[in-house]
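Asks: The following block contains the structure, expressed as structure tokens.
The values are calculated or read from the model by the stated rules, or taken from the named source; none is laboratory data. Nothing here was measured: the structure is a model prediction, and the numbers come from that model. Please note: Cβ atoms are built from the backbone with ideal geometry, for glycine as well, and neighbour counts cover all protein chains shown. With ligands, DNA and RNA removed, areas are computed over all heavy atoms of the protein, side chains included. Shrake-Rupley method; radii C 1.70, N 1.55, O 1.52, S 1.80 Å.
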Amino acid sequence: MRVGDFVHAREYLAKALQQLKDAEAIVIGSGSCGAMLKVFYPELFAKTPHLDAARSLSARTWEFSDFLVTRLGVSDVGARFPARVTFHDGCHGLRELGIKQPPRVLLSKVRDIQLLEMKEAETCCGFGGAFAAKFPMISTAMGEVKCASAFETGAEYIVSSDSSCLMQVQGLLSRQGSKVKTLHLAEVLAQS
């Protein structure tokens, strides 16, 4: 399958519609994957017999932090994480799903954590899937802006709700020899 091959993409992705049809809620630990199901599935299946199923799936799809805070009303999971952290807003979670506050609400209840907001929290890390492969120099430069902003905070960890962003940023940190590490929000919340 090639980028932009919507015919084959629909064939493949229609399987997920079938597999998830009976799920009460679909909780996604990645803003990018969540945006695909919630936002792009209805667009992809527009004018097809699968549109109603795609809309149903979309309505039942939640990004992890939003599910906890908005759907379940949970803000404190009893976590303890004695460290300085900064939060990176992944593009799809922020721009496509509108998720800004739920991760911060959850982090604010973690005992012994110090959340230090970076100036470039909403700036893209440069991954963007195929973008990083097609434009590696631009992708790296964007990631370096993100890392520099995180360094300014003095954080020990960069936390995000998007695994692809974490992979991009951790790769850059490792190449720079930095001791700063990346963690998914769920990993922080699992600490006790």
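Asks: Only helical DSSP H runs with n ≥ 4 go in: add -39500 (n - 2.57) per run for the chain, normalise by residue count and round the 222 nm mean residue ellipticity to 500 deg cm²/dmol.
Replies: -12000 deg cm²/dmol
Asks: Excluding same-chain residues fewer than 8 positions from K146, which lysines have a Cα within less than 26 Å of its Cα?
Replies: K100, K109, K119, K134, K179, K181
Asks: Where a ≥ b ≥ c are the square roots of the eigenvalues of the C-alpha gyration tensor, would you call segment 58-111 rounded, which needs a/c under 1.5, or, failing that, prolate if a/b is larger than b/c, or oblate?
Replies: Numbers: a/c = 3.10, a/b = 1.40, b/c = 2.21.
It is oblate, given that a/c is not under 1.5 and a/b is not larger than b/c.
Asks: Next question. Any idea how far apart A141 and R55 come out in nm if each label point goes 7 Å out from Cα toward Cβ?
Replies: Going from the A141 label point to the R55 one covers 4.4 nm.
Asks: For a test of the definition: using alpha carbon positions, the gyration tensor, and the 1.5 limit on a/c, classify the chain as rounded, prolate or oblate.
Replies: It comes out oblate by the Cα gyration axes.
Asks: Using alpha carbons only, how many angstrom separate the centre of segment 1-69 from the centre of segment 99-150?
Replies: Spelled out, the Cα-based centre of one part sits 24 Å from the other.
Asks: Please work out whether segment 60-147 counts as rounded, prolate or oblate from its C-alpha gyration tensor, where a ≥ b ≥ c are the square roots of the eigenvalues and a/c under 1.5 means rounded, while otherwise a/b larger than b/c means prolate and anything else oblate?
Replies: Because a/c hits 1.5 or more and a/b fails to exceed b/c, segment 60-147 counts as oblate.
Asks: For a protection proxy built on the mean count of beta-carbon atoms within 10 angstrom, sort 24-36, 67-79 highest first, please.
Replies: Top of the packing list down: 24-36, 67-79.
Asks: Leaving ligands, DNA and RNA out of it, report the carbon-plus-sulfur percent of the accessible area of the chain at a 1.4 Å probe.
Replies: Carbon and sulfur together cover 56 percent of it.
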